[in-house]
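The values are calculated or read from the model by the stated rules, or taken from the named source; none is laboratory data. The structure presented is a predicted model; accordingly, all values stated were derived computationally and were not measured. A quick note on method: Cβ atoms are made from the backbone with ideal geometry, for glycine too, and the neighbour counts reach across all protein chains shown. Protein only, heavy atoms only, side chains kept; ligands, DNA and RNA dropped before computing areas. Shrake-Rupley method; radii C 1.70, N 1.55, O 1.52, S 1.80 Å.
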Amino acid sequence: MEKIYSVSEFNQMVKSYIDDIDDFQEFFIEGEISNITYYKSGHLYFSIKDTRAQIKCAAFNYKLKKIPEDLKEGDLIKLFGDVGFYEARGEFQVLARFIEKRNTLGDLFAKLEKIKEKMASAGYFNEEYKKKLPIFPKNIGVVTALTGAALQDIIKTTRKRCKAINIYIYPAKVQGEGAKEEIIKGIETLNKIEEIELIIAGRGGGSIEDLWAFNEEEVAMAFFNSQKPIISAVGHEIDFLLTDLTADARAATPTQAIEMAIPDNISLIDELENKERYIVKLLKSSLNEMQSKLLLRTENYYIKKFLNIFNDNREKIIEKEEKIIKVINNLVENKKINLESKIDKVLVLNPINTLKRGYTVSLIENKKIESIDSIELEDRMVTILNGGKIISIVKEKIYEKNSD
């Protein structure tokens, strides 16, 4: 009995067969990549081949899978994935879960990820270490290749934005053997020039292999350790290089670095003119307000009648002054009378006046004699009388009876 299938039934059967075979799931394939197409949808389509055959492949949502975004024709890769069968077109393909470059660059990426993790944990990418770029630098240092287009773009853009800027150039290799050492030396040298306010280090675009010097740990640390603010300006927008993470700022191209660092003359003039107009408007408004307030004050009743009010108040002050003087004089007179009365009393009680009236005062050892009992025979007695003193020795005490 012959079996007859519809196309969709047959493709469904093939898919079920493929899905049930363990060897078609979770395997590795090595080969050369070709026919690469990155789509905005986030999917990647390509082929993997060797000298005798090729297989169509796809990587859906490749960014989420951390698949390299710079794969190019001829790269040797190792992919991990599963066999997929697209029923609608009856097409067989490998669905990649992960892709690793098998050339030297692939190993470098693996090493780079470890370096990134180490530097991130040490805090070298933290915002707290980022220095602010100067608002209007007068002297800029540039580390780049002397013959590269990047330098010409930097000079051209600088002169276009502000001709007064001075550019200090440290020519350095930016790719290949020795590039790492020259870039580091350039940054260190420009840091020693006191007048330089900002450093730009970078190069134009190129393959990731060409840009790899800016992924070197030593170069990234030179950016981080720069005492002057530094911009990493490498023509590479696909991903962040290591220097982009340790620099104080990152520019997608050297030209953009200049645009970040130097205000445009025309824009600056426009901004100043706008501020001038705003300040003039503000001053006019303030002046008009002050004039209005002054006008209100000049029309004020108290200001108009100020002299009259002043004269009236002056008369009142004079009247109050006379009253105060009168009160003070009365008070002084009363105090004077009181004082004279007290002086008279003091004069009456004055012992000198008593002596003048014929009375005497006797003392023994400079003490007042309270009674006859306080005197002893042979005591030395001083008698004070009008005109002098008499000194005598007690020879006898005579008591007299008090009369009732």
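Structure summary
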read-out: Packing-based order for 333-342, 184-193, using average beta carbon neighbours within 10 Å, highest first; value: 184-193, 333-342
read-out: Of every Cα-Cα pair in the stretch 200-345, the percent that sits beyond 18 Å; value: 77
read-out: Carbon plus sulfur fraction of accessible area for the stretch 364-404, probe 1.4 Å, in percent; value: 48
read-out: DSSP bridge orientation in the chain - percent antiparallel, rounded to nearest 5; value: 65
read-out: GNM flexibility winner over the chain from T243, T147, T298 (Cα, springs under 10 Å); value: T298
read-out: Probe 1.4 Å - accessible area at E259, Å² to nearest ten; value: 90
read-out: For the stretch 1-47: rounded, prolate or oblate by the Cα gyration tensor [a/c cutoff 1.5]; value: prolate
read-out: Members of K368/K397; K72/K130; K132/K275; K163/K284; K63/K156; K367/K397 lying beyond 27 Å, as alpha-carbon distances in this model show; value: K72/K130; K163/K284; K63/K156
read-out: Alpha-carbon Rg/Rh ratio, for the stretch 67-106, with Rh computed the Kirkwood way; value: 1.09
read-out: Nearby lysines by direct alpha-carbon distance to K78 (threshold 16 angstrom, same-chain neighbours under 8 apart not counted); value: K49, K56, K65, K66, K101
read-out: Percent accessible area from carbon and sulfur atoms, the stretch 66-217, protein chains only, probe 1.4 Å; value: 52
read-out: Part-to-part distance (alpha-carbon centres) for the stretch 273-342 and the stretch 57-81, which is given in Å; value: 89
read-out: Semi-axis lengths, Å, the stretch 141-228, gyration tensor of Cα atoms, sqrt of 5 times eigenvalues; value: 21, 17, 9
read-out: Helix-derived mean residue ellipticity, 222 nm - over the chain, DSSP H n ≥ 4, -39500 (n - 2.57), to 500; value: -14000 deg cm²/dmol
read-out: Isotropically averaged projected area of the chain, using the convex hull of Cα atoms (one quarter of hull area), nm²; value: 68.3
read-out: Simple spin-label estimate for K293 and E181 in nanometres, 7 Å along Cα-Cβ; value: 7.2
read-out: For the chain, accessible area per residue (1.4 Å probe, heavy atoms of protein chains only), Å²; value: 70
read-out: Reachable aspartates and glutamates from K342, criterion Cα separation under 15 angstrom, eight or more residues apart if same chain; value: E333
read-out: Over the stretch 131-283, volume per residue of the alpha carbon convex hull, in Å³; value: 115
